[in-house]
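The values are calculated or read from the model by the stated rules, or taken from the named source; none is laboratory data. Worth saying up front: this structure is predicted, and the values here are computed from it rather than measured. Using ideal geometry, Cβ is built from the backbone for each residue, glycine included, and neighbour counts are taken over all protein chains shown.
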Amino acid sequence: MASTWVYSLVIEHFAGILLWSIPGTVDLSREPVGPQLLKVFIDYALQDRKRQEFSTQDAQYRRQITVLKQQHSKLIEESYQQYQLHQEKEREYARKLESEITRQTAQLREANARLEKSNRLKSEFLANMSHELRTPMNAIIGFSELLAETALTGDQKEYCQIIRHSATALLTLI
C-alpha cells in the first residue's frame with residue numbers, strides 16, 4: 001500500500017495554513033528546498049498580485065491626472081476667454097463713456113455760450129434802457145423843479161412836488 005505524506009505551510013498573508021498531500025514513500029519535509037520553494041512561489045504570486053493592483057491603480061491615477069489636466073486646461077482657456085471678453089466690454093464701455101462725456105461737454109459749452117450771449121444782451125439792454133429812462137426822468141425832475149419855482153396855486157405846487165418825488169423814486173430804481 002502506498003503511503004501519503006501531508007505537509008503544512010504557514011502563510012501569514014492569509015493568516016492561515018496551507019495543507020497538501022503528496023503520495024509516495026519519500027518524506028519531502030526532510031528536503032528543505034521543497035517547502036521553501038513553495039513559500040517563495042506563493043510570496044512571489046502575492047507580490048505579483050500586489051504589483052498588478054498597484055499597476056492598475058497607477059494607470060487609474062494617471063488617467064485621472066490626464067482628465068484633471070484636460071479639465072484644468074479647459075478651465076484656464078475658458079477663464080482667459082472670459083477675461084478677454086470682460087476686457088473688451090470694459091474698453092467698449094470706456095469708449096462709450098468717453099464719447100458721451102465729449103458729447104455732453106460740447107452741449108454744455110454750447111449752452112454756456114448761449115447763456116453768456118443772453119446775459120451780455122440782457123446787460124446791454126438794461127444799460128441802454130437805464131440810459132434811455134434816466135434822460136427823460138432827469139428832464140422831468142428838472143422841469144418839475146423849474147415849475148415849482150414859478151407862481152403856482154397850492155394844488156399845483158403839491159402836484160409838482162408829487163411829480164418830482166415820483167420821478168426821483170423811479171430814477172433811484174433805474
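State whether one or more residues within the range 104-118 are of a type in the set (S, T, N, Q), assigned to a helix (DSSP H, G or I) and modelled with pLDDT under 90. Looking through the range 104-118, none of the residues is of a type in the set (S, T, N, Q), assigned to a helix (DSSP H, G or I) and modelled with pLDDT under 90. The set of residues in the range 12-38 being modelled with pLDDT of 75 or more and either touching a Leu at 6+ places or on another chain (Cβ under 6 Å) or acidic (Asp, Glu) (or both) consists of Glu12 alone.
Please enumerate the residues belonging to the range 147-163 that are of a type in the set (A, V, I, L, M, F, W, C) and either surrounded by 12 or more Cβ atoms within 10 Å (Cβ to Cβ) or in contact with a Ser or Thr (Cβ under 8 Å, 6 or more places away or on another chain) (or both). Of everything in the range 147-163, those that are of a type in the set (A, V, I, L, M, F, W, C) and either surrounded by 12 or more Cβ atoms within 10 Å (Cβ to Cβ) or in contact with a Ser or Thr (Cβ under 8 Å, 6 or more places away or on another chain) (or both) turn out to be Leu147, Ala148, Leu152, Cys160, Ile163.
For the residues Ser144, Ser166, the requirement of being in contact with a Cys (Cβ under 9 Å, 6 or more places away or on another chain) and either surrounded by 13 or more Cβ atoms within 10 Å (Cβ to Cβ) or part of a helix (DSSP H, G or I) (or both) singles out Ser144. Does Gln87 count as part of a helix (DSSP H, G or I) and within 28 Å of the chain's Cα centre (by Cα)? Yes, satisfied.
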